[in-house]
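The structure appears below as structure tokens.
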Amino acid sequence: MNTSSSVDPQLQQARDFLAANPDIHTIEVYLCDYNGLLRGKLIPRDNLEKVFKGNLKLPTTALSMDIWGRDLEEIVFATGDADGMCLPVPGSLQRIPWRPGSAQMQITMADMDGRDDDSDPRNILKNTAHQYAAKGLRPVVAVEMEFFLLKSELNADGSPQHSSVEADGSPSLGGQPYHLDSMQEQRELLDELRSACEALDLPTDTFVKEAAPSQYEINLNHLPDPVAAADAAFLLKRVIREVCRKHGYIASFMAKPFGEEAGNGMHVHFSCLDDADNNIFSDGGDKGSDALRQAIAGMATTMKDCMAIFAPNLNSYRRFQAGCHAPTSPCWGYENRTVALRVPAGEAVARRIEHRIGGADCNPYLLLTAILAGALKGMNEKLSADAPIEGDAYSQVEPSLPQFWPESLGLFEQSTFIPDTFGKTFHHRYGLCKRQELNEFHSRITQLEYSSYLKCI
């Protein structure tokens with residue numbers, strides 16, 4: 001084997017990986033599209049080196065396919081459906097714990113000269129992280145991921161079935177949040193989930209039973225690199241899905257699979273360090289610094305423009321109801337879970353903001369970009385936050401965030417913040433992608449419409 005210093009270190013690591021894992025026959029290479037779905041290829045081990053030499057190609061339009069995997073015809077014809085170069089994400093080549101003989105590797109899109117494709121969600125977040133770095137700042141980010149563990153068999157109408165049921169087969173009467181005995185019912189699955197996360201170096205913290213029947217949450221540790229935090233969240237969803245499927249369940253990150261139950265959120269905790277590793281959100285006391293309140297003001301100001309990212313599909317908007325712990329206005333408060341932006345209690349040195357808008361159905365790279373760019377705007381422009389809310393925000397503040405998908409798409413398309421932050425290419429293509437999805441729903445007549453109107457009107 002050539003161990004010359006002229007060999008690219010990443011290529012050498014790939015060769016070392018194959019030598020250390022002679023049983024690996026297939027590598028799953030994947031990137032994150034706009035919907036947070038994995039798109040990529042299966043390659044034989046003998047072709048792995050070609051990826052590191054820039055010889056793996058995918059159409060750049062693979063990033064912007066709709067939720068059903070359909071192309072955006074306008075983009076395909078305008079670009080000729082040209083290929084982009086797929087480059088490995090450093091450190092992402094790993095064995096797949098649940099699939100013997102297989103490995104996985106994350107890739108990102110580049111142009112044919114090897115420059116980052118500016119419409120790739122991971123590259124968009126990298127650009128925002130670079131803006132923080134240019135000011136001597138490092139965002140510290142942790143993601144909380146909620147999901148439902150559902151039976152693999154669906155009802156006759158396609159609706160899901162709870163895995164947690166009473167003796168008569170009906171859903172459990174309450175979710176038993178934080179109840180350890182309820183966790184024991186799925187101990188074998190949860191143990192394998194934790195083992196898989198450890199094998200993949202995912203920085204998991206706590207596993208929690210959540211508010212609804214069959215609902216769970218896995219929290220990731222704080223990382224001083226937002227791109228690494230998004231990588232971890234993206235990979236965590238893959239791990240949860242695969243391990244649950246192995247055990248005969250569906251893991252769903254759908255925002256609101258049950259109308260009468262709590263929805264799935266993807267909450268983000270965010271603080272910020274300077275070059276001396278000081279948390280700029282801390283003033284040594286309970287209230288936090290001016291920078292904290294400026295960041296809150298920036299996130300609140302840009303929240304409406306970003307709702308099409310925080311709530312990316314039709315079902316997403318069913319989460320936003322009073323009493324469901326999904327905020328309906330861009331308000332904030334200290335140790336208050338009824339607001340959109342919560343400042344948790346705790347040691348001053350760990351002062352942070354919890355962003356509570358995003359659903360588990362959103363793209364983690366786009367979610368973190370929207371949060372961090374909004375906060376940076378607030379700090380750069382020294383914006384002033386409104387007064388913090390004490391008590392029930394739902395009863396004090398009128399809903400002002402978009403309650404329906406068409407409204408949020410309109411605000412997204414009219415925004416100047418979005419193209420300035422995410423780039424004009426992404427702004428255009430994401431809007432087309434979501435309009436295409438919305439139009440498909442508009443063209444379908446639901447069973448409820450038939451039962452309501454067919455015979456009586």
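For the range 193-211, the criterion of being more than 22 Å from the chain's Cα centre (by Cα) and without any contact (Cβ under 8 Å) to a residue 60 or more places away in the chain is met by none of the residues.
Does residue 101 qualify as being loosely packed, with under 12 Cβ neighbours inside 10 Å and at positive phi? Taking the combined requirement at face value, the residue does not satisfy it. I'd like to know if the range 238-251 contains one or more residues that are farther than 24 Å from residue 90 by Cα, among the aliphatic types (A, V, I, L, M), touching a Gly at 6+ places or on another chain (Cβ under 9 Å) and open to solvent by 40 Å² or more (accessible area, probe 1.4 Å). No - not one qualifying residue is present in the range 238-251.
Going through 417, 404, 422 one at a time, which residue ends up being of a type outside the set (A, V, I, L, M), open to solvent by less than 20 Å² (accessible area, probe 1.4 Å) and touching a helix residue (DSSP H, G or I) at 6+ places or on another chain (Cβ under 9 Å)?
422 is the lone residue from the list that is of a type outside the set (A, V, I, L, M), open to solvent by less than 20 Å² (accessible area, probe 1.4 Å) and touching a helix residue (DSSP H, G or I) at 6+ places or on another chain (Cβ under 9 Å).
For the range 337-347, filtering for residues that are crowded, with 16+ Cβ neighbours inside 10 Å and at pLDDT below 95 leaves 1.
Taken over the range 319-335, the criterion of being aromatic (Phe, Trp, Tyr) and not in a loop (DSSP other than H, G, I, E, B) is satisfied by 332, 334. Restricting the range 111-170 to residues that are touching a helix residue (DSSP H, G or I) at 6+ places or on another chain (Cβ under 6 Å) and of a type in the set (Gly, Ala, Ser), the residue that is farthest from residue 366 (Cα to Cα) is 129. Return the total of residues in the range 253-286 being touching a Lys or Arg at 6+ places or on another chain (Cβ under 9 Å) and closer than 16 Å to residue 215 by Cα. Matching residues across the range 253-286 total 9.
Being over 30 Å from residue 209 (Cβ atoms), over 21 Å from the mean Cα position of the chain (by Cα) and not basic (Lys, Arg) is the filter; apply it to the range 132-153 and report the residue that is surrounded by the most Cβ atoms within 10 Å (Cβ to Cβ). Per the criteria, the residue is 137.
State all residues of the range 154-184 that are open to solvent by 100 Å² or more (accessible area, probe 1.4 Å) and outside any loop (DSSP other than H, G, I, E, B); if no residue qualifies, say none. Step through it out loud before you land on a result.
Going residue by residue through the range 154-184, those that are open to solvent by 100 Å² or more (accessible area, probe 1.4 Å) are 156-157, 167-168, 173, 178, 180-181.
Of everything in the range 154-184, those that are open to solvent by 100 Å² or more (accessible area, probe 1.4 Å) and outside any loop (DSSP other than H, G, I, E, B) turn out to be 180, 181.
Before we move on, is residue 51 within 14 Å of residue 93 (Cα to Cα) and among the aliphatic types (A, V, I, L, M)?
Details: within 14 Å of residue 93 (Cα to Cα): yes; among the aliphatic types (A, V, I, L, M): yes.
Yes: the conditions hold for residue 51.
The set of residues in the range 62-78 that are open to solvent by 50 Å² or more (accessible area, probe 1.4 Å) and either acidic (Asp, Glu) or more than 17 Å from residue 121 (Cβ to Cβ) (or both) comprises 68, 70, 71, 73, 74, 77, 78.
The C-beta contact set for the range 334-345 (first residue farther than 20 Å from residue 280 by Cβ, second residue among the aliphatic types (A, V, I, L, M), distance under 6 angstrom, 6+ apart or interchain) comprises 335/345; 338/393; 339/389; 339/393; 340/357. Looking at 286, 305, 277, just one residue is under 21 Å from residue 35 (Cα atoms) and among the acidic types (Asp, Glu), and that residue is 305. Just one of the listed residues (425, 446, 416) is touching a residue at least 60 places away in the same chain (Cβ under 8 Å) and not aliphatic (A, V, I, L, M), and it is 425.
Taking only the range 354-369 into account, find how many residues are under 20 Å from residue 423 (Cβ atoms) and either outside any helix (DSSP H, G or I) or among the β-branched types (Val, Ile, Thr) (or both). Quick ask: steps written out before the conclusion?
First, pick out the residues of the range 354-369 that are under 20 Å from residue 423 (Cβ atoms): 362-369.
Narrowing further to those that are either outside any helix (DSSP H, G or I) or among the β-branched types (Val, Ile, Thr) (or both): 362-363, 369.
Residues in the range 354-369 being under 20 Å from residue 423 (Cβ atoms) and either outside any helix (DSSP H, G or I) or among the β-branched types (Val, Ile, Thr) (or both): 3 in total.
For the range 294-318, the tally of residues that are touching a helix residue (DSSP H, G or I) at 6+ places or on another chain (Cβ under 6 Å), in a loop (DSSP other than H, G, I, E, B) and open to solvent by 10 Å² or more (accessible area, probe 1.4 Å) stands at 2. When restricted to residues that are open to solvent by less than 20 Å² (accessible area, probe 1.4 Å) and either closer than 19 Å to residue 102 by Cβ or in a helix (DSSP H, G or I) (or both), the range 22-53 contains 8.
The values are calculated or read from the model by the stated rules, or taken from the named source; none is laboratory data. If you're wondering where the values come from, they're calculated on a predicted model, not measured in any experiment. Here the Cβ is made from the backbone with ideal geometry for all residues, glycine too, and neighbour counts use every protein chain on show. These accessible areas exclude ligands, DNA and RNA; they are computed on the full protein's heavy atoms, side chains included. Shrake-Rupley method; radii C 1.70, N 1.55, O 1.52, S 1.80 Å.
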